[in-house]
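The values are calculated or read from the model by the stated rules, or taken from the named source; none is laboratory data. For clarity, every value in this text was computed on a predicted model and none was experimentally measured. Neighbour counts run over all protein chains shown; Cβ positions are idealised from the backbone, glycine included.
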Ligand code: ATP
Ligand code: MG
């Protein structure tokens, strides 16, 4: 078993709440309402993981499965510029973009297939200078939510999601990589989906995702991140800011 790596969020309180940063060999679930910052955190981690270890990174590359077409290269560039300012360096956004491998998933089956392709690509990069140290699935649940509607299909949906998550956990273990998944929740109950104010896949995700982070909006650019039901860390909250330069204290 390899030593667990820690990936900086770029935010002091947030890192401390996680015991140093986002862990490799674990799944970290970001859940929250639309606009709560799940995709922003995912983008920032895709940048940070490329930093050298002394800057809190893992010197790695990233595979992102994008199911909602929300990956934005321009946003990555802004965040890289933000880090250049913060670290007094001259990072090149193009270099960072080169190490983010994005695949669009058109439906839930395609999403599952892409996690197999991700494994192949990670294998190819394994013994290079840029091994894959981060897998992102944003959103984990959107296709499943859209495709499996109605009571009779829920068990099937859970089973598929469960298998998908086990595949992702395996990728994390195999490549000593962090795994980030996002899961939207709604603020108001909706008759179709049981209780959508809870993350879908609720129970099963609860057991598989080792770190569950609940994001919610606060004043202005502030977001509150709550660590929920961690097996080895105290529950806690931290405040971050989502700014043009990226995540900040
Ligand atoms: P969804 O469930 O709809 O996918 P989400 O949780 O992924 O939502 P994000 O897309 O991460 O939400 O957050 C969007 C918010 O991030 C915007 O409303 C804005 O506050 C902030 N944001 C996005 N881009 C920038 C930027 N370039 N500069 C500053 N803030 C930004
Ligand atoms: Mg999003």
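One residue stands out among those in region 30-71 that are within 8 Å of ligand 1 (Cβ to nearest atom) and in a loop (DSSP other than H, G, I, E, B): the one that is nearest to residue 140 (Cα to Cα), which is 68. Here residue 85 passes the criteria (1) closer than 15 Å to residue 246 by Cβ; (2) in contact with a helix residue (DSSP H, G or I) (Cβ under 9 Å, 6 or more places away or on another chain) except the one numbered (2).
Listed by first and then second residue, the pairs with beta-carbon distance under 9 Å, at least 6 apart or on different chains, first residue in region 20-41 and in contact (Cβ under 8 Å) with a residue 60 or more places away in the chain, second assigned to a loop (DSSP other than H, G, I, E, B) and near ligand 2 (Cβ under 9 Å from one of its atoms), are 30/36; 30/37; 38/139; 39/68; 39/70; 39/139. Filtering region 6-17 to residues that are part of a loop (DSSP other than H, G, I, E, B), in contact with a strand residue (DSSP E or B) (Cβ under 7 Å, 6 or more places away or on another chain) and on the phi < 0 side of the Ramachandran plot leaves 9, 11. The helices (runs of 4 or more DSSP H) falling completely within region 82-154 that include 2 or more residues that are at pLDDT below 95 map to 142-147.
Regarding region 139-151, can at least one residue be identified that is surrounded by 14 or more Cβ atoms within 10 Å (Cβ to Cβ), away from ligand 1 (no atom under 16 Å from the Cβ) and closer than 14 Å to residue 65 by Cβ? Within region 139-151, none of the residues are surrounded by 14 or more Cβ atoms within 10 Å (Cβ to Cβ), away from ligand 1 (no atom under 16 Å from the Cβ) and closer than 14 Å to residue 65 by Cβ. Residue 200 passes every criterion in (1) at pLDDT below 90; (2) part of a helix (DSSP H, G or I); (3) surrounded by 23 or more Cβ atoms within 10 Å (Cβ to Cβ) apart from (2). Consider residue 29 carefully, then state whether it is touching a strand residue (DSSP E or B) at 6+ places or on another chain (Cβ under 7 Å), surrounded by 15 or more Cβ atoms within 10 Å (Cβ to Cβ) and farther than 18 Å from residue 180 by Cβ. So residue 29 does not fit the description; no. Would you confirm, using the coordinates I've provided, whether residue 97 is within 14 Å of ligand 1 (Cβ to nearest atom) and under 17 Å from residue 136 (Cβ atoms)? Against the criterion (within 14 Å of ligand 1 (Cβ to nearest atom) and under 17 Å from residue 136 (Cβ atoms)), residue 97 does not qualify. Any residue that is out of contact with any helix residue (DSSP H, G or I) (no Cβ under 8 Å at 6 or more places or on another chain) and modelled with pLDDT of 95 or more - is there at least one of those in region 236-245? Yes, region 236-245 contains a residue that is out of contact with any helix residue (DSSP H, G or I) (no Cβ under 8 Å at 6 or more places or on another chain) and modelled with pLDDT of 95 or more. Applying a threshold of 6 Å to beta carbon distances and a minimum spacing of six or more residues, or different chains, the list of pairs starting in region 166-187 at a residue that is free of Cβ contacts under 8 Å to residues at least 12 places away in the same chain and farther than 19 Å from residue 56 by Cβ and ending at one that is within 14 Å of ligand 2 (Cβ to nearest atom) and not in a loop (DSSP other than H, G, I, E, B) is empty.
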